[in-house]
Structure formats: structure tokens, C-alpha cells
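Undergrad: Below are the C-alpha cells for one structure; questions will follow.
The values are calculated or read from the model by the stated rules, or taken from the named source; none is laboratory data. Only a predicted model underlies this, so the values are computations on that prediction, with no experimental measurement involved. Positions of Cβ are backbone-derived with ideal geometry, glycine not excepted, and every protein chain shown enters the neighbour counts.
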Amino acid sequence: MASVLYVLRATLTAILLLAGPVVLVLQYLQSSPAPNCHRPPAPSGWRTKQANSSAVKQQTDKPVMLLWFWPENKRFDLQDCKKLFKIDSCHLTDDRSLYSRAHAVLVFHRAIQDDLSNLPTSPRARFQRWIWFNTDSPNNTRRIEGLQRLFNLTLSYRKDADIQVRWRLTYKNSGENFVLPKKERLLCWIVDSGNLNTTSGESYSYYRELIKHMKVDVFHNSAKGENYFLTISSCKFYLSFEDSIHRDYITETFNGPLAVGTVPIVLGPPRKNYEDFAPGESFIHVNDFPNALALAQFLLGLDKDQEAYMRYFHWRRFYTARRHLTEEKYAFAHAICQACRHVGMNKEYRVVTDLYKWLLL
């Protein structure tokens with residue numbers, strides 16, 4: 001009996017001795033931090049989808065401008081606004097699925113069908129603006145019925161347009177010095193027409209009268225790209241003749257010679273209108289002379305008087321002119337990028353009830 005009691009006592013003592021560490025271990029486990037929980041692997045494509053979503057959100061933090069038509073199908077990289085003009089104030093897109101989110105829709109007038117069937121048909125959001133994009137003179141603008149009150153912004157060459165299509169003179173950096181290019185010709189003209197004797201229009205009529213009194217070097221479509229500017233810069237004077245005479249209709253034919261150091265001989269709106277955009281001593285207007293003979297005599301005189309000729313470049317002390325883009329794909333890039341700048345910086349709009357009446361003012 002005594003031996004049995006001894007065994008029981010020894011067993012109970014061993015249990016008590018073992019129980020202590022077990023309790024301590026359990027208490028430690030309960031108080032220790034929970035192990036790290038790892039998320040299950042993401043489904044295939046999840047990260048890509050998330051990245052795309054973030055990219056779209058980042059892009060659309062800027063106002064979206066939808067290019068409804070590519071003008072004359074002349075396409076350029078949508079990032080070129082930033083590269084060429086340092087304009088990055090809107091998210092420019094040609095994706096029509098973004099129509100409902102677009103803050104502005106840019107519509108090229110020449111691409112609109114007569115029945116308006118290729119314009120957006122979905123309801124327009126209250127915040128959305130439609131921009132009428134037209135760079136043509138009134139003579140060359142096709143009248144389309146039904147455009148009244150559709151547009152609340154205008155993109156045009158007109159000075160009173162909401163967005164102006166124009167290559168502007170800029171203030172000159174003090175370190176820039178003007179150097180007159182070498183001159184090999186007196187008076188030049190680059191034209192599309194192959195037969196100047198039969199082509200109608202005021203500019204061609206004036207040209208035919210002018211060549212009776214002095215030589216004009218005429219170049220056709222071969223003068224493109226860099227060759228375009230090299231050709232103009234080699235001439236002392238250049239015929240910057242517009243194909244239509246309307247207020248503010250002053251195109252790249254005026255900007256080209258200004259940019260490369262040649263004096264433009266202008267035929268277009270009155271002198272005062274040209275002076276809205278360039279110094280009066282930077283060009284010669286045909287209206288300053290009673291006829292083509294008087295102009296020819298004046299130019300021949302300047303050819304012999306270098307000091308008088310150089311006065312037409314005094315404006316270069318204060319301003320500089322930038323070369324416009326001559327590649328075909330960039331024909332409308334400057335205008336489109338200017339619209340992007342406007343949409344990113346302005347929220348104002350106005351409704352032009354009669355676009356054609358406004359254009360003829």
C-alpha cells in the first residue's frame with residue numbers, strides 16, 4: 001500500500017512540474033504578434049488593369065479635348081503638342097468613346113456633311129463645349145445649314161475668335177542677334193498654279209502687271225520643307241499675296257519671310273490690319289503705291305540702297321518670328337494645339353448664333 005501511494009505521489013509531482021512550462025508556453029503564444037498574412041496571388045492581368053486605370057485617371061485629370069475629325073486626314077502624334085509647342089494643358093484624343101467625358105469637342109468645318117449626319121448624336125453634357133474649327137476665308141467657307149447655336153467656341157484666323165490660329169511674333173531674348181541671310185535674288189514668289197497667265201484672282205492680276213517692270217523669280221510646289229525657307233531667305237523681297245482679301249486673313253505666306261529675314265510685299269487686307277500683327281516697318285504693302293510700276297521702281301531703288309533696305313529689319317531688335325511647320329501632317333497641328341491650350345486654361349464660352357455672319361463682319 002505504501003508503495004502505491006509513493007508511485008501516485010511521484011506521478012502527481014511530475015505532472016505539476018510539466019504543467020508549469022506548458023502554461024507558460026501557451027501564455028506566450030497568446031500574447032505574441034500574429035504571423036504576417038499574405039494576400040493570395042492576384043488574378044492574371046489584375047496589375048495591368050490597375051495600371052491602365054491609374055494612367056487614364058492621371059490623363060483625365062486634365063480636361064479632355066476630343067478631336068472629332070482629323071482635318072483632311074492629316075494625322076500627327078497626339079503627344080506632339082508637348083514636343084513642338086510645350087503645350088500639355090489638355091488630354092488630346094481622337095477616341096470617340098470618350099465623347100461623354102470630353103470637356104471640348106473640336107469639329108473641323110470642312111469635314112461636316114451637309115445633313116450634319118457625321119456630327120455627334122448623343123446628348124451633350126452641360127460642361128461640354130463644341131469648338132468650330134475653320135481656317136478658311138469667307139470666300140472658301142462652305143455654308144452648311146443647321147449649325148446655328150451648335151458651337152460655343154470658335155477657332156479661326158480672326159482676331160476676335162475665341163482661339164486664334166496665328167504664328168505670333170514674340171519678344172526677343174537679349175542674346176539673340178539678327179544676321180541677314182545671303183541674298184541671291186531680288187523678288188520671289190512660291191505658288192501652286194502652273195500657269196500664272198490664265199489663273200484668275202487679284203494676286204495673279206497684280207503679278208502679271210508687276211513683271212512688266214521687274215523680274216520675279218517664281219517657284220512652284222518643289223519648294224517645300226526646309227527648301228521652302230531656304231528659297232525665301234535667298235530673296236530680298238517676297239510676294240506675300242493672300243488668295244482672299246478679308247479682315248484678319250493673314251496667313252503663313254506672311255509669316256514665312258518674316259521668319260527668315262526677307263521683306264514681305266503684302267496684298268491682302270489694309271495696312272492697318274497687318275499692323276495689328278506685325279510692326280509697320282517690317283513689310284511693304286501694295287496699297288502704299290498707286291500702281292505696280294511705282295512699286296517696282298521703289299523696290300529697284302531699295303536694291304541699290306542697303307542702308308534703307310536694312311531699316312525693314314529694325315523690328316528684329318525687339319521681336320523674333322518663328323518658322324511655321326511645313327510638313328503636310330502638321331498642316332493643322334498648331335491650331336489644334338492652340339485649342340488644347342485654351343481648353344486647359346479657360347472655362348468661358350459664348351454661343352455664336354450665326355457663324356457665317358460673324359465671319360463676314
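Undergrad: For the subset of segment 109-140 comprising residues that are of a type in the set (Ser, Thr, Tyr) and buried (at least 18 other Cβ atoms within 10 Å of the Cβ), which member is farthest from Arg75 (Cα to Cα)?
TA: As a first pass, look at segment 109-140 and keep what is of a type in the set (Ser, Thr, Tyr): 117, 121-122, 135, 137.
Narrowing the set further to residues that are buried (at least 18 other Cβ atoms within 10 Å of the Cβ) leaves 135, 137.
Values: Thr135: 17, Ser137: 23 Å.
If we take residues in segment 109-140 being of a type in the set (Ser, Thr, Tyr) and buried (at least 18 other Cβ atoms within 10 Å of the Cβ), then Ser137 is farthest from Arg75 (Cα to Cα).
Undergrad: Take Phe127 and tell me if it is at pLDDT below 95, assigned to a loop (DSSP other than H, G, I, E, B) and hydrophobic (A, V, I, L, M, F, W, C). Before the answer, list the steps.
TA: Numbers: at pLDDT below 95: yes; assigned to a loop (DSSP other than H, G, I, E, B): yes; hydrophobic (A, V, I, L, M, F, W, C): yes.
Yes: the conditions hold for Phe127.
Undergrad: Hey, another quick one. Working only within segment 198-209, note down all residues that are exposed (fewer than 15 other Cβ atoms within 10 Å of the Cβ) and among the polar types (S, T, N, Q).
TA: Thr198, Ser200, Ser205 - these are the residues of segment 198-209 that are exposed (fewer than 15 other Cβ atoms within 10 Å of the Cβ) and among the polar types (S, T, N, Q).
Undergrad: Just one of the numbered conditions (1) loosely packed, with under 15 Cβ neighbours inside 10 Å; (2) touching a residue at least 12 places away in the same chain (Cβ under 8 Å); (3) closer than 30 Å to Lys62 by Cα; (4) not aromatic (Phe, Trp, Tyr) is not true of Asp288; which one?
TA: Among (1) loosely packed, with under 15 Cβ neighbours inside 10 Å; (2) touching a residue at least 12 places away in the same chain (Cβ under 8 Å); (3) closer than 30 Å to Lys62 by Cα; (4) not aromatic (Phe, Trp, Tyr), Asp288 violates only (3).
Undergrad: Further question: Does Lys212 meet the test of being surrounded by fewer than 16 Cβ atoms within 10 Å (Cβ to Cβ), part of a loop (DSSP other than H, G, I, E, B) and at pLDDT 95 or above? Step through it out loud before you land on a result.
TA: On the way: surrounded by fewer than 16 Cβ atoms within 10 Å (Cβ to Cβ): yes; part of a loop (DSSP other than H, G, I, E, B): yes; at pLDDT 95 or above: yes.
For Lys212, the condition - surrounded by fewer than 16 Cβ atoms within 10 Å (Cβ to Cβ), part of a loop (DSSP other than H, G, I, E, B) and at pLDDT 95 or above - is met.
Undergrad: State whether the residues of segment 189-197 include one that is surrounded by fewer than 16 Cβ atoms within 10 Å (Cβ to Cβ), under 31 Å from the mean Cα position of the chain (by Cα) and not assigned by TED's automatic domain parsing to the domain that holds Tyr312.
TA: The answer is no, given that none of the residues of segment 189-197 is surrounded by fewer than 16 Cβ atoms within 10 Å (Cβ to Cβ), under 31 Å from the mean Cα position of the chain (by Cα) and not assigned by TED's automatic domain parsing to the domain that holds Tyr312.
Undergrad: Then there is this: Only one of Leu302, Leu293 is modelled with pLDDT of 95 or more and in contact with a His (Cβ under 7 Å, 6 or more places away or on another chain). Can you tell me which? Before you say what the answer is, go through the steps one by one.
TA: Details: Leu302 fails: in contact with a His (Cβ under 7 Å, 6 or more places away or on another chain).
When all the criteria are applied, what remains is Leu293.
Undergrad: Now, a different point. Looking at this structure, is Glu145 among the acidic types (Asp, Glu) and free of Cβ contacts under 8 Å to residues at least 60 places away in the same chain? Can you show your working first?
TA: Working: among the acidic types (Asp, Glu): yes; free of Cβ contacts under 8 Å to residues at least 60 places away in the same chain: yes.
Yes.
Undergrad: Take residues that are more than 25 Å from the chain's Cα centre (by Cα) and among the small types (Gly, Ala, Ser) and tell me which of the helices (runs of 4 or more DSSP H) falling wholly in segment 251-335 contain 2 or more.
TA: Working: elements: 252-260, 271-274, 292-303, 306-310.
The qualifying helices (runs of 4 or more DSSP H) are 292-303.
Undergrad: Just wondering, is there one or more residues in segment 255-270 that are closer than 24 Å to Leu302 by Cβ, crowded, with 19+ Cβ neighbours inside 10 Å, touching an Asp or Glu at 6+ places or on another chain (Cβ under 7 Å) and among the hydroxyl-bearing types (Ser, Thr, Tyr)?
TA: Looking through segment 255-270, none of the residues is closer than 24 Å to Leu302 by Cβ, crowded, with 19+ Cβ neighbours inside 10 Å, touching an Asp or Glu at 6+ places or on another chain (Cβ under 7 Å) and among the hydroxyl-bearing types (Ser, Thr, Tyr).
Undergrad: Are any residues in segment 90-103 surrounded by fewer than 19 Cβ atoms within 10 Å (Cβ to Cβ) and among the small types (Gly, Ala, Ser), and if so, which ones?
TA: Scanning segment 90-103 gives Ser97, Ser100.
Undergrad: Okay, moving on. Across segment 157-186, what is the number of residues that are within 30 Å of Leu355 (Cα to Cα) and in a loop (DSSP other than H, G, I, E, B)?
TA: Total meeting the criteria: 11.
Undergrad: So for segment 233-244 (the condition being assigned to a helix (DSSP H, G or I), in the same structural domain as Ala308 (by TED's automatic domain parsing) and under 18 Å from Leu299 (Cβ atoms)), does at least one residue qualify?
TA: Going residue by residue through segment 233-244, those that are assigned to a helix (DSSP H, G or I) are 233.
Narrowing the set further to residues that are in the same structural domain as Ala308 (by TED's automatic domain parsing) leaves 233.
Among the residues that remain, those that are also under 18 Å from Leu299 (Cβ atoms) are: 233.
Yes, because at least one residue in segment 233-244 is assigned to a helix (DSSP H, G or I), in the same structural domain as Ala308 (by TED's automatic domain parsing) and under 18 Å from Leu299 (Cβ atoms).
Undergrad: Pick out the one residue from Leu106, Leu155, Leu150 that is outside the structural domain of Phe219 (by TED's automatic domain parsing), among the aliphatic types (A, V, I, L, M), crowded, with 16+ Cβ neighbours inside 10 Å and farther than 24 Å from His324 by Cα.
TA: Leu150
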